[in-house]
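Here the structure is laid out as structure tokens; the discussion comes afterwards.
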Ligand SMILES: NC(=O)c1ccc[n+]([C@@H]2O[C@H](COP(=O)([O-])OP(=O)(O)OC[C@H]3O[C@@H](n4cnc5c(N)ncnc54)[C@H](O)[C@@H]3O)[C@@H](O)[C@H]2O)c1
Ligand SMILES: *[C@@H]1O[C@H](CO)[C@@H](O)[C@H](O)[C@H]1NC(C)=O
């Protein structure tokens with residue numbers, strides 16, 4: 001996947017502690033030095049030790065005790081607060097007031113626009129990181145602005161900012177979609193997964209549980225939690241303790257973490273396990289997207305097959321179906337029960353699969369794209385490397401159907417047609433480096 005190789009790391013990732021100076025403290029040579037030199041070197045060593053261990057001044061390490069001075073300059077002000085309030089204010093009576101994290105992302109953009117369209121109030125939050133072309137995120141932001149959704153540029157690890165947002169707006173719901181997505185990128189930048197999917201999620205839950213009133217939280221988990229399971233279709237009751245990637249492991253950790261916030265603080269929590277979402281404004285790091293780009297360029301695409309020569313298959317789910325599932329989850333979420341950061345009674349905890357229930361081999365995906373693009377793909381077939389991708393996914397959606405009214409309606413060919421139409425329009429206008 002060479003197109004990922006030269007990507008810069010996402011901001012906010014942890015520094016690795018490869019240079020811990022243990023040697024300085026334990027080396028025998030220092031014991032033979034004169035007393036003043038010994039003290040001076042000891043002092044220097046301690047000072048170096050402190051420097052190396054002290055947290056980097058990134059937003060990821062900021063917490064509630066830090067001074068908000070730098071923040072007020074960046075986020076504050078009456079004009080900013082006005083924009084925030086206006087965006088979050090529901091137009092229809094009884095409408096929800098939703099904080100959407102990852103709003104400039106693929107799913108976040110579609111969910112935000114759908115909520116706003118039906119009269120709910122929506123405030124977006126996104127850090128616009130460079131995992132994939134930020135120009136696409138900015139274009140989505142333009143679309144959001146035209147629909148009346150303001151996107152605050154900030155990180156979910158920034159507790160001061162999150163607290164500020166909850167001070168300005170009484171959110172009834174949080175739709176948490178911000179995450180480090182992608183499976184293979186974890187081998188280049190593992191810290192970004194821990195930072196966004198674990199630390200950032202905990203920070204968001206901390207601020208949510210302390211808010212008065214507490215919002216109901218719906219968040220994106222992933223079908224990847226089913227990992228190496230072989231029993232199909234995947235059901236919410238199945239065990240999920242064989243993740244095949246760090247991404248999957250952080251999503252699985254998120255489900256456990258969410259459960260503790262439900263148990264201890266009475267937060268209403270709903271996790272949605274999305275199955276390979278695709279569609280207009282999609283993610284350039286996903287196969288259907290870069291296959292389209294490469295086929296159009298006449299570039300060879302790599303199609304993976306499983307070790308037994310079987311085709312790799314995915315339960316591709318069209319974005320509009322996912323959006324309906326997200327809205328269904330928000331609409332059926334009961335209120336959180338805690339207040340003042342304390343649990344007052346049991347609150348709901350739910351996990352649902354949002355898939356299409358008809359897995360399609362990747363070879364079939366390529367055939368559909370060839371037909372839609374009216375071009376023959378140059379293919380190279382290779383065995384699926386063991387770097388995080390699983391051989392197949394297939395959702396059992398019985399539970400989501402009966403409890404949140406989820407009913408996928410778009411098949412892969414219909415959905416890809418809409419994607420290709422968007423792709424051609426978007427990239428012919430832009431004349432960008434694609
Ligand atoms: N698209 C899929 O097929 C799929 C499948 C399963 C799960 N999911 C999950 O659904 C959610 C949305 O996915 P998507 O496809 O829209 O991905 P995306 O990358 O397009 O959207 C995520 C957005 O979150 C933002 N973000 C990342 N880290 C952040 C941070 N620390 N603070 C603030 N913003 C941050 C990014 O800038 C991005 O705009 C993610 O949680 C993802 O893991 C997606
Ligand atoms: C799907 O899940 C439901 C429970 O949610 C279960 O009753 C049903 O047997 C499952 N179907 C299959 C085909 O596994």
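The values are calculated or read from the model by the stated rules, or taken from the named source; none is laboratory data. Quantities reported herein were computed from a predicted structural model and do not represent experimental measurements. Please note: Cβ atoms are built from the backbone with ideal geometry, for glycine as well, and neighbour counts cover all protein chains shown.
When the criteria are applied in full, residue 302 fails the requirement of being touching a strand residue (DSSP E or B) at 6+ places or on another chain (Cβ under 9 Å), more than 26 Å from residue 422 (Cα to Cα), more than 12 Å from ligand 1 (Cβ to nearest atom) and in a strand (DSSP E or B). Of note, residue 367 satisfies the criterion of being outside any loop (DSSP other than H, G, I, E, B), without any contact (Cβ under 8 Å) to a residue 40 or more places away in the chain and surrounded by fewer than 17 Cβ atoms within 10 Å (Cβ to Cβ). The single residue among 170, 143, 161 that is under 23 Å from residue 96 (Cα atoms) and out of contact with any helix residue (DSSP H, G or I) (no Cβ under 8 Å at 6 or more places or on another chain) turns out to be 170. Scanning the stretch 399-430 for residues that are within 16 Å of ligand 2 (Cβ to nearest atom) and surrounded by 14 or more Cβ atoms within 10 Å (Cβ to Cβ) yields 399, 400, 401, 403, 404, 405, 406, 408. Taking the numbered list (1) surrounded by fewer than 17 Cβ atoms within 10 Å (Cβ to Cβ); (2) within 16 Å of ligand 2 (Cβ to nearest atom) in turn, residue 325 passes all entries but (1).
Meeting the requirement of 2 or more residues that are surrounded by 24 or more Cβ atoms within 10 Å (Cβ to Cβ), the strands (runs of 3 or more DSSP E) wholly within the stretch 86-205 are 97-101, 121-126, 173-176. Taking the stretch 306-323 as the search range and keeping residues that are touching a helix residue (DSSP H, G or I) at 6+ places or on another chain (Cβ under 8 Å) and not in a loop (DSSP other than H, G, I, E, B), which one is farthest from ligand 1 (Cβ to nearest atom)? Selected residue: 311. Among the residues making up the stretch 258-285, those that are within 14 Å of ligand 1 (Cβ to nearest atom), more than 14 Å from the chain's Cα centre (by Cα) and at negative phi are 258, 270, 278, 280, 284. The C-beta contact set for the stretch 211-237 (first residue under 25 Å from residue 267 (Cα atoms), second residue at pLDDT below 95 and within 12 Å of ligand 2 (Cβ to nearest atom), distance under 7 angstrom, 6+ apart or interchain) is empty. Summed over the stretch 206-236, residues that are away from ligand 2 (no atom under 16 Å from the Cβ) and part of a loop (DSSP other than H, G, I, E, B) total 7.
Residue check: is residue 239 closer than 19 Å to residue 354 by Cα and within 18 Å of the chain's Cα centre (by Cα)? No: the conditions fail for residue 239. For residue 380, the conditions (1) closer than 23 Å to residue 292 by Cβ; (2) more than 16 Å from ligand 1 (Cβ to nearest atom); (3) surrounded by 14 or more Cβ atoms within 10 Å (Cβ to Cβ) all hold with the exception of (3).
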